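Working notes, structure below.
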Amino acid sequence: MRRLILLFWLPLLSAGCAAPEIRLDREAERLGLTRSLVKGTDYQHVVYRNRAGFQNGELHVYLDGDGSPWIHHQLIADNPTPRNPLVLRLISQDPSASLYLGRPCYHGFGTKPPCTAELWTLRRYSKTVVDTMTAALRELRNALHPRKTVLIGFSGGAALAMLLAERMDGLSGIVTIAGNLDPDAWTERHHYSPLTGSENPAKHPPLSDNIFQLHLAGAKDTNIPPDLIRAAVQRQPSATFIVLPDADHDCCWEKLWPPILETIKARRY
């Protein structure tokens, strides 16, 4: 009997203990997304892509949050890969051609040179990170030839979306979800260590008026509350800011995503 119980629990324990990048791979496969790698500067980036065809030549590029750079805000994690597959689930609902562009040193690459823990802690929005993600995105766009590109950033991915937008030609729009648009204000609010070596998009000049901007906040979000996002959005003259009353930082964006996609589709550049 004891052996039977052990045989029952072993697969469950194995699945629960799987590395976060393996769990994301499994979820991506379940959702019908394909996985590939793309080279940035000196770093490899994981890409998940849906099977949708181009609508009006438009590509949606999703950038995930910071994942788990710290353990209990004290110890540096050895694997920062996101544990929450929220962004993959948003992509699976998107009828437009869409892909997930992973960060350098995430998805199991953290121990491979030239990765260092600084790139997912203090320098998570650094020039090094932005440059390699820009290079990776250019490679993808050169291969796919979209006429329009929209960046969609969740949490810390929103900061990266704003920073990438400064470097990308032909960008049509940016959508941010519970976005960390002012990392300095965020660390100060939570009494975290300053992100030394990171860039702060809130201190950069506004983006071009030609780039459509939609910034979404959850009214119940205590991680990145609406007032932090609103203050940063006010520096972008052409941006739209919406607070969704039923959302917090992680919930319930999957449920809300289809009507938001309709809003993106109906926008005017």
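The values are calculated or read from the model by the stated rules, or taken from the named source; none is laboratory data. What you see is a predicted model, and the numbers here were worked out from it, not measured in a lab. Just so you know, the surface numbers come from the protein's heavy atoms only, side chains and all, with ligands and any DNA or RNA stripped out. Shrake-Rupley method; radii C 1.70, N 1.55, O 1.52, S 1.80 Å.
Assorted remarks:
- Cα-based shape type of region 190-238, given that a ≥ b ≥ c are square roots of the gyration tensor eigenvalues and the cut on a/c is 1.5: oblate
- Average accessible surface area per residue within region 137-269, 1.4 Å rolling probe, Å²: 46 Å²
- Heavy-atom accessible area ranking, 1.4 Å probe, most first, across His45, His145: His145, His45
- Sorted largest first by accessible area at a 1.4 angstrom probe radius, with every protein chain in place, the residues Arg147, Arg23, Arg167, Arg189 fall in the order Arg147, Arg189, Arg23, Arg167.
- Using θ = phi - 60° and Karplus 6.51 cos²θ - 1.76 cosθ + 1.60, couplings along region 46-53 (whole Hz; Gly, Pro as x): 7, 10, 10, 10, 7, 9, 6, x
- Cα gyration tensor, region 115-269 - rounded (a/c under 1.5), prolate or oblate: oblate
- Beta bridges by DSSP in the chain, antiparallel share as percent, to the nearest 5: 30 percent
- Whole-number accessible area per residue in Å² for region 23-95, which is evaluated in the context of all protein chains at 1.4 Å: 49 Å²
- For a straight C-alpha distance cut-off of 18 angstrom, the lysines reachable from Lys220 (same-chain residues fewer than eight places away being disregarded) are Lys255.
- Under 5 Å, built H, 5+ apart or other chain: amide partners of Phe241: His215
- Scanning residues 5 or more positions from Gly218 or on other chains, those with amide H under 5 Å from its amide H are Ala178, Leu244, with H placed 1.01 Å from N in the peptide plane.
- Gln55 long-range amide H proximity, modeled H, under 5 Å: Ala97
- Remark on region 124-186: Rg and Dmax equal 11.8, 38 Å (Cα only).
- Alpha carbon Rg of the chain, scaled by the compact-globule rule 2.2 N^0.38 Å: 1.00
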